[in-house]
Amino acid sequence: MRLPVVLLLLICLLVSSCNSCKNKNCLNGAQCVEGKCQCANQYAGVDCEINLCDSVDCHNGGNCFNGTCACASGFEGSRCDSIISYKFEGSYSCFDSCSSATTNIDITAYGAVSEHEILINTIRGEDPLCSVTGYFMTIPNQTLLNGDIVSGSGQLSLDRKVFSITMTIDPYGAAAPYNCGYRLTRL
C-alpha cells in the first residue's frame with residue numbers, strides 16, 4: 001500500500017514540475033525554465049517585462065546594451081556625452097629631459113574636427129598633432145616645420161594632473177634619432 005502512494009506522489013511531482021511553465025507568460029523573447037523566465041539581453045523582471053534601455057539616453061552615436069551605454073569611437077561617459085580629447089586640454093608646466101628646461105605649454109583639443117586629436121602647442125618649438133584613445137596618446141610620424149621627423153606616445157594620469165610623453169626625434173640632417181621625455185604637470 002505504501003509503495004503505490006509513494007509512486008503516485010513521485011509522478012505528481014514530476015508532472016507538476018514538467019508543467020511549471022504551462023501558465024507562465026514570459027515576454028520579449030524570454031524562455032521559461034522550471035517555472036521561471038530567463039530573460040533575453042536588455043530585459044529584466046519576473047516576466048521579462050522591463051526593457052533596461054528604456055530610460056537610458058546614449059548620445060553621440062552610443063548604443064544601449066543591458067542598461068549601459070556603449071559609446072561610439074571618440075566619446076566616453078555614462079551617456080557618451082564627453083569627447084575623449086577634452087580631458088587632455090589645458091595649460092601645463094613641461095619639463096624636457098633632453099634640454100633639462102621647464103617651459104609652459106598649452107594642449108588644445110580638436111573635438112570639433114576629430115574627437116581623437118589634440119595639438120600640443122610649442123613642444124620642441126613646434127605643434128605636433130596627436131591622436132588619443134582613453135588616457136593614452138600617440139604622436140604619429142610627422143615632419144615638423146624645421147624638417148625634424150617626430151613620433152611618440154604618452155599617457156595622462158587618471159587624476160588628469162600629469163601627462164608623460166616619450167618622443168623620438170629624427171633631426172633633419174643629423175646622423176641618428178634620439179628620444180626625449182616630457183613630464184607635463186597641469187597648472
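Calculated from the alpha-carbon coordinates, the chain shows an Rg and a Dmax of 29.7, 105 Å respectively.
One Cα centroid belongs to the range 136-152, the other to the range 88-105; the line between them spans 17 Å.
Estimated from helical segments only, the mean residue ellipticity of the chain at 222 nm is -3000 deg cm²/dmol, where each DSSP H run of four or more residues counts as -39500 (n - 2.57). Is the C-alpha gyration tensor of the range 25-82 telling us rounded, prolate or oblate? Criteria: a/c under 1.5 is rounded; beyond that, a/b larger than b/c is prolate, otherwise oblate. Since a/c reaches 1.5 and a/b is larger than b/c, the shape of the range 25-82 is classed as prolate. Return the aspartates and glutamates within reach of K36: Cα separation strictly under 18 angstrom, same-chain partners fewer than 8 residues apart disregarded; answer none if there are no such residues. Of all the aspartates and glutamates, those that pass the test against K36 - Cα under 18 Å, at least 8 places apart if same chain - are D47, E49. Taking the average, over residues, of other Cβ atoms within 10 Å as the packing measure, peptides 97-103, 130-136 rank 130-136, 97-103 from highest down.
Taking Cα centre as origin and charging only the Cβ of basic (Lys, Arg, +1) and acidic (Asp, Glu, -1) residues, the dipole magnitude of the chain rounds to 940 debye. The distance between label points at L145 and V162 comes to 3.2 nm (points 7 Å beyond Cα on the Cα→Cβ vector). What nm distance separates the two modelled labels at S91 and R186, each placed 7 Å from Cα along Cα→Cβ? So the label points at S91 and R186 sit 1.5 nm apart.
Contact order, relative form, for the chain: 11 percent (alpha carbon pairs under 8 Å, 6 or more residues apart, mean separation divided by residue count).
In a fully extended conformation the segment linking Y178 and T102 would gain 25.4 nm over its present Cα-Cα distance, using 0.36 nm per residue.
Taking 20 Å as the straight-line reach from the Cα of K161, the lysines in range (excluding those fewer than 8 positions away in the same chain) are K87.
We did not get these values from a lab; they are worked out from the coordinates using the rules stated. From a predicted model like this one, the values you see are computed outputs, not experimental measurements. A quick note on method: Cβ atoms are made from the backbone with ideal geometry, for glycine too, and the neighbour counts reach across all protein chains shown.
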